[in-house]
Amino acid sequence: MVAAPGENLRVNGDRLWDMLMEMAKIGPGIAGGNNRQTLTDADGEGRHLFKTWCDEAGLTMGVDQMGTMFMTRPGTDPDALPVYVGSHLDTQPTGGKYDGVLGVLAALEAVRSMNDLGIKTKHPIVVTNWANEEGARFAPAMLASGVFAGVHSLDYAYNRKDPEGKTYGDELKRIGWRGEEAVGERKMHAYFEYHIEQGPILEAEDKQIGVVTHCQGLWWLEFTLTGKEAHTGSTPMAMRVNAGLAMSRILEMVQDVAMSEQPGAVGGVGQMFFSPNSRNVLPGKVTFTVDIRTPSQDKLDRMRAKIEAEAAKICEALGVGCSVEAVGHFDPVTFDETLVTRVREAAERLGYSHMNLISGAGHDACWAAKVAPSTMVMCPCVGGLSHNEAEDISKEWATAGADVLFHAVLETAEIVG
Ligand code: HGY
Ligand code: MN
Ligand code: MN
């Protein structure tokens with residue numbers, strides 16, 4: 001049993017908030033949020049600011065071949081495996097200021113508070129900024145942590161293309177953040193990730209802390225439908241090979257499949273492309289990605305099978321070609337019980353209201369859990385809104401979660417002296 005920190009140990013919430021507001025100035029969005037997409041110049045700027053703060057905190061940087069940043073605070077036992085604490089600094093194109101960023105900067109704040117308090121730990125602490133968590137520019141999401149966990153090869157990752165056809169590998173080199181470290185060679189004693197909930201439950205239940213026990217599983221199914229380019233005005237309805245109509249029927253069907261698997265299932269589409277995307281040309285090609293998620297393995301597999309089978313029927317009836325590729329996937333995740341208990345006990349000790357939570361969104365912790373004991377801490381967000389520039393949290397919420405993270409990390413890294 002490792003010693004738990006005293007309840008008076010807290011982070012410096014003002015300093016955490018100041019860092020969040022400073023980072024939010026980099027890669028500003030158009031409505032108060034952020035557009036700091038992975039491997040853009042803005043991402044590079046955000047990385048440099050983060051490194052500056054880590055340098056001030058006396059951390060040593062390591063960067064791997066996927067561009068993930070590992071900032072180490074030494075422990076007293078050189079043989080002890082480090083406790084990793086992190087999340088991601090990259091954002092959606094219309095992202096909020098806190099998704100991912102809160103977890104990276106709260107991990108840094110925990111280390112800065114250890115420095116202020118003169119705390120030594122047996123295990124080193126490694127503050128981590130995972131590259132390309134969002135998967136917005138280069139699918140799939142959690143790409144770098146997926147390579148780290150052995151789920152994707154480096155070659156697969158380097159060849160992922162953004163909508164302009166640029167590859168991950170080229171863009172990583174262009175911004176100068178391709179490290180030399182082999183990906184995944186680092187061994188972890190444990191991994192913690194602090195994140196906004198990105199859902200409405202904690203706020204609705206008036207709870208300050210989410211004790212995350214699980215994360216729901218996901219499929220990203222990329223459909224490519226082939227129709228026939230033709231004049232939207234002079235082509236009789238009976239002669240049309242209408243890929244756009246097939247897409248709309250598939251979207252309706254995805255909604256029905258997700259609703260048929262309630263409670264605890266979601267399905268929808270966030271991205272689609274028409275080609276040639278001209279107002280008066282029926283599309284020759286339509287590509288879109290269906291995003292389905294649920295904590296239940298059976299439901300996840302059943303939904304995928306149903307959607308693919310029904311889509312094939314819809315396309316056949318319209319004479320539209322249909323191909324589908326799974327471009328993202330992870331099964332439902334169960335986090336480490338010992339670490340989950342430490343998070344819960346830390347919330348208790350600190351007097352914060354809390355409840356068990358299943359994460360709706362995917363996180364790098366889902367892949368870290370494949371290679372080390374892992375868990376998450378969550379705080380509420382206003383209206384449950386995220387992946388929207390209006391994403392909002394309070395300083396109090398941010399600080400409470402950071403205090404819990406601080407305690408759980410200290411307990412796991414083992415305070416010495
Ligand atoms: O898609 C997700 O759940 C995460 O935001 N990348
Ligand atoms: Mn995130
Ligand atoms: Mn996100």
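The values are calculated or read from the model by the stated rules, or taken from the named source; none is laboratory data. Source: prediction; values computed, not measured. For neighbour counting, all protein chains shown are included, and Cβ atoms are generated from backbone atoms with ideal geometry for every residue, glycine included.
Annotations
- The test for being away from ligand 3 (no atom under 16 Å from the Cβ), under 22 Å from Cys366 (Cβ atoms) and surrounded by fewer than 20 Cβ atoms within 10 Å (Cβ to Cβ) holds for Tyr156.
- Scanning region 251-286 for residues that are in a strand (DSSP E or B), without any contact (Cβ under 8 Å) to a residue 60 or more places away in the chain and not β-branched (Val, Ile, Thr) yields Gly267, Gly268, Gly270, Gln271, Met272, Phe274, Ser275, Leu282.
- Matching option when the condition is more than 16 Å from ligand 1 (Cβ to nearest atom) and within 30 Å of Ala408 (Cα to Cα), among Glu185, Glu171: Glu185
- Cβ pairs under 9 Å, 6+ apart, first in region 166-179 and acidic (Asp, Glu), second in a helix (DSSP H, G or I): Asp170/Tyr158
- Taken together, Gly46, Gly95, Gly75, Gly58 contain a single residue that is more than 22 Å from Leu172 (Cα to Cα) and buried (at least 20 other Cβ atoms within 10 Å of the Cβ), which is Gly75.
- Wholly enclosed strands (runs of 3 or more DSSP E) of region 53-108 bearing at least 1 residues at pLDDT 95 or above, touching a Ser or Thr at 6+ places or on another chain (Cβ under 7 Å) and within 16 Å of ligand 3 (Cβ to nearest atom): 83-87
- Index of the failed condition, Lys161 passing every other in (1) charged (D, E, K, R); (2) touching a strand residue (DSSP E or B) at 6+ places or on another chain (Cβ under 8 Å); (3) free of Cβ contacts under 8 Å to residues at least 40 places away in the same chain; (4) farther than 23 Å from Ala42 by Cβ: (4)
- Taking region 344-391 as the range and being within 15 Å of ligand 3 (Cβ to nearest atom) and in a loop (DSSP other than H, G, I, E, B) as the test, the residues that pass are Gly360, Ala361, Gly362, His363, Cys381, Leu385, Ser386, His387, Asn388, Glu389, Ala390, Glu391.
- The residues in region 139-153 that are surrounded by 24 or more Cβ atoms within 10 Å (Cβ to Cβ) and more than 13 Å from the chain's Cα centre (by Cα) can be counted, and the count is 2.
- Matching residues in region 109-130 - criterion: being within 16 Å of ligand 3 (Cβ to nearest atom) and assigned to a loop (DSSP other than H, G, I, E, B): Trp130
- Region 22-51, residues that are in contact (Cβ under 8 Å) with a residue 60 or more places away in the chain and assigned to a helix (DSSP H, G or I): Met23, Ala24, Asp41, Asp43, Gly44, Arg47, Phe50
- Count - residues of region 343-400 that are among the acidic types (Asp, Glu), touching a Leu at 6+ places or on another chain (Cβ under 6 Å) and more than 16 Å from ligand 1 (Cβ to nearest atom): 0
Each row is one residue, and each column tells you yes or no for (1) under 14 Å from the mean Cα position of the chain (by Cα); (2) within 16 Å of ligand 2 (Cβ to nearest atom).
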site	(1), (2)
Pro332	no, no
Ala347	no, no
Leu350	no, no
Ile358	no, yes
Ala361	yes, yes
Asp364	yes, yes
Trp367	yes, yes
Met376	yes, yes
Gly383	no, no
